[in-house]
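The structure appears below as structure tokens.
Nothing in this text is a laboratory measurement; each read-out follows from the coordinates by a stated rule. This is a predicted model, so every value here is computed, not measured. Glycine also receives a Cβ, built like all others from the backbone with ideal geometry; neighbour counts cover every protein chain displayed.
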Amino acid sequence: MVRQSGHLHILNHRIKREMKRRNIAAACVLLAVAVGYGYQTALLPARTLPNTPDPSFFPWINTIMLGVLSFALLIQAVLRPNDEGVMGAQQASVPVITALGLILLYVVAMPFVGFVLSTVPFFALFMVLHNERRKLWLLIGAVGIPIFLFNLFKHLFGVPLPRGIFLGLLG
């Protein structure tokens, strides 16, 4: 194990403390945005058509998810010690660039091969990129989540997801 010099140790401690302060500030701002978004969502009109969700249905999902994730960031920032969980910019840049490339490839592939066939490898590669190596979890996540989402949107929300040009040609 390499021992850090005194100045480097102090600098790393300051960077981690600053990151903690920024995470707390970001969480508070995002919580305020969630409250404002929720207030605006509550003002949306109700739909009178039977068996259809109100116009506020997806905005409420967004509000709840933003609130929950912002609150989780706040709790994590407050409870985590200063010496945990902060990686250097050099460590973070490669996964970020790779993730952006995967997202671009996913968006380009979806119209051609459809939601399920493009999402399975996308989820698998994203999970590997985030250091998931257990084959069972990779299989469950990469296959199960896209199939669950496809059925959720198709049957519960009544929203068809892209089938793709190739599957559309087959019938």
Take every Cα pair under 8 Å in region 32-162 that's 6+ residues apart, average their separations, divide by the length, and report that relative contact order as a whole percent.
17 percent
Taking Cα centroids, how far is region 108-167 from region 24-55 in Å?
27 Å
Arranged from highest to lowest average of other beta-carbon atoms within 10 Å per residue, in what order do the peptides 30-37, 115-122 appear?
115-122, 30-37
